[in-house]
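Accompanying notes for the structure given below.
What follows is calculated from the coordinates using simple rules that are stated; it is not laboratory data. Computed from a predicted structure; not experimentally measured. Glycine gets a Cβ as well: all are built from the backbone with ideal geometry, and neighbour counts include every protein chain shown.
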Amino acid sequence: MTPILVLALNPSMDVEWRVKEVLWEEKNHIDSERRWAGGKGINVARWLGWLGGKPKLLLPLGGAAGKELTGCLQREISSANVAIIPIRTATRINIIVTTTAGRQMRFNPSGPRLIRAEWRRLQLATRKLSSPGGLLVLSGSLPPGVPNDAYARLIRQARKTGVGTLLDCDGTPLRSAVAARPFLVKPNEHELTQWWGRAVRSEAQALQAARAMSEATGGWVLVSRGGKRGLLVNRPEGFQQFAAPPRGNPCNRVGAGDALLAAVAREIQLGSTPLQWLHQGLRVGARATQLPAGHLPA
Ligand SMILES: Nc1ncnc2c1ncn2[C@@H]1O[C@H](COP(=O)(O)OP(=O)(O)OP(=O)(O)O)[C@@H](O)[C@H]1O
Ligand SMILES: [Mg+2]
């Protein structure tokens, strides 16, 4: 089976507080609290595990939140498949406030500042743990202290050893990483807009932008568009295809893109066709919208 390494550079403990409503200038009573291991890389690894992909997960962890997160991971993923790089500063805690009416406020710290030696150790571990011919998933934001072109460097390093990279990030890290020519990029409409510098709303705009991105990478670009039709493009291969996700009544949108990316990685691992990557990705993404954040189907 093609080995898959997931790098989660900025993991978090996610904490959801349920409240009746949010009151400014008042004490807000918390009705219930839920805590789970969060961050995009961990989400991808969780879904990949559920899909049978047996991923390896590499992540930096520190402080009390790092310890708590280790405990969560031990319950979810076999410890043989988790590699932890200890860091001096505490792992971040993301706060989600959900009201009875279903409205949400999210508070995300930028993450712990990594020192140069910690970032170097992560680079080294990425090289050591990714296998030639395997896949490397690079997903999520970069913590402070990690250079903006971190993903670009890892993509170049991976290509030298025949490792295929799957990329999901935004802003400056996305810009430099695209230039490093990853195997597959998974932007949503917002990320594609940022990269392209023009609005991506219609299917025609999504297609034009995805073609431009695929020309830049020389590889696959999968554009997810929420409940609308997704798009897979590869310019050198002359491939372009739209497909609709299954319809449903979403109760949550957080992590849907991570579930989609996990499904795409799993299909590549299985040797499926690109059309199957797209269809299964959209199907699993839609499945994630039916579950609370951090949950897997039973
Ligand atoms: N309303 C919806 N109905 C059906 N499927 C949906 C809906 N919203 C999202 N999805 C599924 O999830 C996939 C990813 O959604 P989206 O484009 O919102 O990703 P994203 O913005 O990267 O999400 P995130 O980064 O929060 O995980 C979609 O391609 C689709 O398969
Ligand atoms: Mg996303």
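Positive contributions from Lys and Arg (+1) and negative ones from Asp and Glu (-1), summed over other residues with Cβ under 9 Å from the Cβ of ASN10, come out at +2.
The relative contact order of the chain, computed from alpha carbon pairs under 8 Å that lie at least 6 residues apart in sequence, is 16 percent.
Can you give me the long-range amide H partners of ASN94? Hydrogens built in the peptide plane at 1.01 Å from N, cutoff under 5 Å, separation of 5 or more residues or another chain. Residues meeting the amide H criterion: MET13, ASP14, VAL15.
The distance separating the Cα centre of the range 179-220 from that of the range 122-176 comes to 18 Å.
The P(r) of the range 28-124 has a tail past 23 Å containing 34 percent of all C-alpha pairs. Legend: calculated FRET efficiency, LEU129 to THR100, from the Cβ-Cβ distance at R0 = 45 Å, rounded to 0.05, equals 0.55. Among residues other than GLN104 with Cβ under 11 Å from its Cβ, the summed charge is +3 (Lys and Arg +1, Asp and Glu -1). Each listed q (0.12 Å⁻¹) maps to a log10 I(q)/I(0) for the range 158-298, found by the Debye formula over equal Cα scatterers with no solvent: -0.44. In straight-distance terms, cross-link reach from LYS186 covers every one of the lysines whose alpha-carbon lies under 23 Å from its own, apart from those fewer than eight places away in the same chain; here that gives LYS40, LYS54, LYS56, LYS160, LYS228. D by Stokes-Einstein for the chain, Kirkwood Rh over Cα pairs, 4 °C, 1.567 mPa s: 67 µm²/s. Under a Cβ-Cβ cut-off of 12 Å, what is the net charge of the residues other than LEU58 that fall near it, where Lys and Arg count +1 and Asp and Glu count -1? Taking every Cβ under 12 Å from that of LEU58, the sum is +4.
A simple charge model with +1 on the Cβ of Lys and Arg, -1 on the Cβ of Asp and Glu and nothing else charged puts the dipole of the chain at about 600 debye relative to its Cα centre. For THR165, the residues whose amide H sits under 5 Å from its own are LEU136, PHE183, LEU184, ignoring neighbours fewer than 5 places away on the same chain, with H placed 1.01 Å from N. Remark: the ARG116-SER78 segment gains 10.8 nm on full extension, using 0.36 nm per residue and subtracting the alpha carbon distance.
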